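**Student:** Here you go, one structure.
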Amino acid sequence: MAASVNHVGESFSNPNWGNDFVAVESVQELALKKPNEIPQRYIRSEDERPSSTLLPSLLTVPVIDMEKLLLPSDSNERQKEMGILSKACKDWGFFQVVNHGIPHSLIDRMRGVANEFFSLSLDEKKMYAPQPGDAQGYGNMFVVDEDQKLDWGDLMALALTPKTLVNLTLWPSTPSDYRNTLESYTTQVEKVAQMILSLFAENLQLKNDYFKEKFGEDPMMTVRMNLYPPCPRPDLVLGLSPHSDGGGITLLLQDDQIEGLQVHKNNEWIPIQPIPYALVVNIGDLIEVMTNGIYKSIEHRAVTNKEKTRLSIAMFYNPGLEDEVAPARNLIDEEHPSLYKNFKHQEYIRYYMAKQLNGKKSLANFAKICE
Ligand code: OGA
Ligand code: NI
């Protein structure tokens, strides 16, 4: 890791993921020009395009009421909710959480500062462009190839914990409450993430602090704020390419009104209907490994629309960089042999970041044991 000093005089380590990403145009700027024709690099092949001909799906992603999970452990209501959670993790890899305890006023503020940042001029935003080899800042981090298809969206990504990874130079100073708000929001989301992981452990009959232990002393948290401007031809483009998340769990705040996130299930793309102030939680590749495939990370993508800008804020809760990731021993037996090799978290990030987002290929190629 290369040590640097940021402008407030604190040192941070640039893990240097080993790639330089290809700089791409801001989609916000592109959308402002209201192009009659979409540039070729955004136009997807026919099999990738969002289809509007599909009948609306009858399936909906399960909703979990966190308050019910705080009831005494022998309460029927809690047991029922734990059952819904278990099924959601096994069948969907996705669920929405309501009554998670994060104050709505803080969520409003978080969305507010994220939107304010994206509304700054391009020159101002470019002051926060990633440093060579780093994956933090304003700009698209997954463009690794000059010919790759581009997503119809801009993003801001930042490391939140541990402190050694935080590069405050890239935390916007405008709006002035950006940093405080992001810090408060991080603290709250971290609590929800830890609670969810202890519920996973309980459902899997592991020790309640199993994941807490495995995520180590210094869990790594990052945020990715996605801004999807309106697109004149939403039928031809994707806001975010199909991918599974590479970390532990993701807690996503999607827009309260505008649909956009879709999960891949039974060969269908199923929209996740917004519930105001809910968090969309999904299993990342590392929890799939740690649960020996009982919980699966699921492919998802974002689509765009003609009229409205959509903002989403994804918080990724991951083990520390040095931590070893492996299937839990208690989830391996003769009938359920280990499906994944062991690896250091950091090795997987390097591998994941060097590729364009591409469904679940990273996990399959990196860690899956072929029989
Ligand atoms: C992500 C993601 C979905 C969305 O950031 O990993 O899947 O709706 N976002 O923006
Ligand atoms: Ni994702």
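Any read-out appearing in this document is the output of simple, stated calculations on the displayed coordinates, not a laboratory observation. As the structure is a computational prediction, the values presented were derived from the model and not from experiment. Every residue, glycine as well, gets a Cβ built from its backbone with ideal geometry; the counts of neighbours run over all protein chains shown.
**Student:** For L204, what residues show an amide H to amide H distance below 5 Å, using hydrogens built from the backbone and excluding near sequence neighbours?
**Tutor:** The list, which skips near neighbours in sequence, is empty: none.
**Student:** Have a look at the chain and give its Rg and Dmax from the Cα atoms, expressed in angstrom.
**Tutor:** When restricted to Cα atoms, the chain yields Rg and Dmax of 20.0, 61 Å.
**Student:** A further question on this structure: Bin all alpha-carbon pair distances of segment 243-287 at 10 Å intervals from 0 and give each bin's fraction as a whole percent.
**Tutor:** Once binned at 10 Å, the Cα pair distances of segment 243-287 give 27, 50, 23, 0.
**Student:** Would you mind counting up the charge near E213? Only other residues with Cβ under 12 Å from its Cβ, with Lys and Arg at +1 and Asp and Glu at -1.
**Tutor:** -1
**Student:** If the only charges are +1 at each Lys and Arg Cβ and -1 at each Asp and Glu Cβ, what is the size of the charge dipole of segment 173-246 around the Cα centre, to the nearest 20 debye?
**Tutor:** Rounded to the nearest 20 debye, it is 180 debye.
**Student:** Moving to a separate point now. What's the magnitude of the charge dipole for the chain around its Cα centre, counting Lys and Arg as +1 and Asp and Glu as -1 at the beta-carbon? Answer in Debye, nearest 20.
**Tutor:** Approximately 360 debye in magnitude.
**Student:** In terms of Cα to Cα distance under 28 Å, which lysines are near enough to K341, apart from those fewer than 8 places away along the same chain?
**Tutor:** K87, K90, K207, K212, K214, K265, K296, K355, K360, K361, K368
**Student:** Counting only residues 5 or more places away or on other chains, whose amide H sits under 5 Å from the amide H of T161 once H atoms are built in the peptide plane?
**Tutor:** When sequence neighbours closer than 5 places are left aside, the close amide H contacts are M221.
**Student:** To continue, here is another question. How big is the antiparallel share of DSSP beta bridges in the chain, given as a percent to the nearest 5?
**Tutor:** Of all bridge pairs located within the chain, approximately 90 percent are antiparallel.
**Student:** Right, here's the next one. Mind running the shape call on segment 175-234? Use the C-alpha gyration tensor, a ≥ b ≥ c as the square roots of the eigenvalues: rounded below 1.5 for a/c, prolate if a/b tops b/c, oblate otherwise.
**Tutor:** oblate
**Student:** Classify segment 162-308 from the C-alpha gyration tensor, please: rounded if a/c falls under 1.5, else prolate or oblate depending on whether a/b exceeds b/c.
**Tutor:** oblate
**Student:** Something else now. Any idea what the dipole of segment 293-340 comes to, in debye rounded to 20, about its Cα centre with Lys/Arg Cβ at +1 and Asp/Glu Cβ at -1?
**Tutor:** The calculation lands at about 640 debye.
**Student:** Using the Cα atoms of segment 26-131 to build a convex hull, what is its mean projected area in square nanometres?
**Tutor:** Mean orientational projected area (segment 26-131, Cα hull): 12.2 nm².
**Student:** When ranked by the protection proxy of mean other Cβ atoms within 10 Å per residue, highest first, what sequence do the peptides 338-350, 274-286 form?
**Tutor:** 274-286, 338-350
**Student:** Calculate for the chain the 222 nm mean residue ellipticity that helices alone would give, adding -39,500 (n - 2.57) per DSSP H run of length 4 or more and normalising by residue count, nearest 500 deg cm²/dmol.
**Tutor:** -7000 deg cm²/dmol
**Student:** While we're here: Would you work out which of L150, T161, G133 lies farthest towards the positive end of the dipole of segment 105-253, given +1 charges on the beta-carbon of Lys and Arg and -1 on that of Asp and Glu, about the Cα centre?
**Tutor:** T161
**Student:** What fraction, in whole percent, of alpha-carbon pairs in segment 235-332 exceed 24 Å separation?
**Tutor:** 29 percent
**Student:** Work out the charge dipole of segment 281-349 with +1 on the Cβ of Lys and Arg and -1 on the Cβ of Asp and Glu about the Cα centre, then indicate which of S338, T309, I283 is farthest towards its positive end.
**Tutor:** T309
**Student:** What number, in percent, do you get for the relative contact order of the chain if the mean sequence gap of Cα pairs under 8 Å and at least 6 apart is divided by its residue count?
**Tutor:** It comes to 21 percent, rounded to a whole number.
**Student:** Hey, any idea what Rg/Rh is for segment 97-143, computing Rh the Kirkwood way over Cα pairs?
**Tutor:** 1.13
**Student:** Going highest first, how would you order 115-124, 234-243 by mean Cβ packing within 10 Å?
**Tutor:** 234-243, 115-124
**Student:** How long are the semi-axes of the equivalent ellipsoid of segment 272-322, taking √(5λ) for every eigenvalue λ of the Cα gyration tensor, in whole Å from largest down?
**Tutor:** With the √(5λ) rule applied to segment 272-322, the semi-axes are 27, 13, 11 Å.
**Student:** In terms of the Cα gyration tensor, with a ≥ b ≥ c the square roots of its eigenvalues, is segment 84-197 rounded because a/c is under 1.5, prolate because a/b exceeds b/c, or oblate?
**Tutor:** The shape class here is oblate.
**Student:** Toward the positive end of the charge dipole of the chain, about the Cα centre and with charges on Cβ (Lys, Arg +1; Asp, Glu -1), which of P230, L363, G246 goes farthest?
**Tutor:** With unit charges placed on the Cβ atoms, the residue in question is P230.
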